[in-house]
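Structure record follows, encoded as structure tokens.
The values are calculated or read from the model by the stated rules, or taken from the named source; none is laboratory data. Model, not experiment: these values are computed from the prediction. FYI the Cβ positions are ideal-geometry reconstructions off the backbone, even for glycines, and counts take in every protein chain you see. Remember, those area values only see protein heavy atoms, side chains included, never the ligands or the DNA or RNA. Shrake-Rupley method; radii C 1.70, N 1.55, O 1.52, S 1.80 Å.
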Amino acid sequence: MKAAIPPKRYFNPGPALILAAGISLGSCATIPASVADLPRSPEGSVVLAAGVEYREIRRDLPRLLRVHVLRADLAAGGLAIRAPSGPDPDGPGPAEARLEDPLRLARASRALVLVNASSFGVLGYPEGDRPPVYLRGMGVDIAGLAADSGRVASPSNPRYASFYVDGRGVPRIAGHGEAPERDGAVREAAAGFSPLVVRGVVAEERGGDIEPRTAVGLDGRGRLILVVAEGRRPGRSEGLTLRELAELMRDLGCVDALNLDGGGSSVLVVRVPGRGFRILTPPSDGAGPLRFRRPVPNALALVPEEG
């Protein structure tokens with residue numbers, strides 16, 4: 001087994017006022033110009049494909065915030081979940097994948113929708129250290145379970161929870177200490193840090209830093225919910241705490257939800273009919289006009305079943 005990576009740690013400022021109303025479903029919903037002319041659902045969401053709806057939530061309080069929400073009815077849309085990853089650059093060597101541009105991952109997997117997934121450590125850097133910049137092609141150790149089309153690239157780690165698709169094609173969320181790949185077939189999988197919602201109850205008690213965030217959840221009808229909150233963008237969107245993210249996922253109807261990698265890795269790619277792939281989230285790495293999209297080791301994607 002390759003070396004484990006410690007989970008990212010978030011500064012806890014102690015007791016804090018959690019303004020849950022600021023991320024409620026009553027938020028102002030708008031649509032980015034790149035998808036504004038697509039068909040709408042009766043609720044006003046953009047229909048990206050059969051069974052796949054998208055909307056953007058904007059708030060001014062408790063801080064500037066933009067959150068991208070996707071809801072997918074896998075049965076109605078003839079869709080499948082994939083967890084594409086960058087190729088293993090060294091075979092039996094220590095690297096489990098190499099960093100890849102999320103746009104390339106989306107194109108290669110023919111994704112309708114793609115978000116970033118697992119945390120990772122770059123090989124050659126001491127535990128806890130990060131390179132000054134993340135470059136495409138860097139060899140990495142993926143944190144926790146990762147599987148792509150039945151191939152397990154990284155085994156489960158008790159420090160991480162995971163989202164996976166079992167051998168029957170059913171999406172599930174596994175908690176800390178569970179190892180789905182040892183209990184049965186795993187088609188697709190990506191690890192997250194900790195569960196946000198468990199059986200309809202908010203599980204994340206920490207506030208944490210205000211950051212870009214990515215999460216995956218399942219609602220009571222088995223629909224997939226993907227959320228990407230923009231952050232680190234003064235004047236546009238500052239981000240969410242972990243507690244706020246958990247409450248948002250619950251308010252979106254999630255019975256179970258998982259916190260995926262965030263920060264500079266948070267990204268949302270969609271395929272717009274007739275116009276190709278579009279990235280709806282601006283990058284948060286860098287500063288001012290010098291910002292750049294971070295490559296990632298793997299992702300969660302919705303693809304046509306025949307793809």
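Brief remarks follow.
- The set of residues from segment 180-192 being touching a strand residue (DSSP E or B) at 6+ places or on another chain (Cβ under 7 Å) and not in a loop (DSSP other than H, G, I, E, B) comprises P180, E181, V186, R187, E188, A189, A190, A191, G192.
- Residue match in segment 258-266 (condition: over 13 Å from the mean Cα position of the chain (by Cα), under 23 Å from A146 (Cα atoms) and open to solvent by 10 Å² or more (accessible area, probe 1.4 Å)): no
- Subset of segment 46-96 (residues that are among the charged types (D, E, K, R), open to solvent by 10 Å² or more (accessible area, probe 1.4 Å) and out of contact with any helix residue (DSSP H, G or I) (no Cβ under 6 Å at 6 or more places or on another chain)): E53, R55, R58, D60, R63, R66, R71, D73, D88, D90
- Contact annotation: residue pairs with Cβ atoms under 8 Å, 6 or more positions apart or on different chains, pairing a residue in segment 34-49 that is among the acidic types (D, E) with a partner that is modelled with pLDDT of 80 or more, are E43/E53.
- If you check G264, G217, G222, G207 for being closer than 26 Å to P84 by Cα and assigned to a loop (DSSP other than H, G, I, E, B), only one passes: G222.
- Residue within segment 238-259 that is more than 21 Å from A203 (Cβ to Cβ) and either touching a residue at least 12 places away in the same chain (Cβ under 8 Å) or of a type in the set (G, A, S) (or both) present: yes
- Looking across segment 229-251, just one residue is more than 15 Å from I210 (Cβ to Cβ) and either in a strand (DSSP E or B) or open to solvent by less than 10 Å² (accessible area, probe 1.4 Å) (or both), and that is M249.
- Among residues of segment 195-224 being within 17 Å of the chain's Cα centre (by Cα) and open to solvent by 50 Å² or more (accessible area, probe 1.4 Å), the one that is farthest from T281 (Cα to Cα) is R223.
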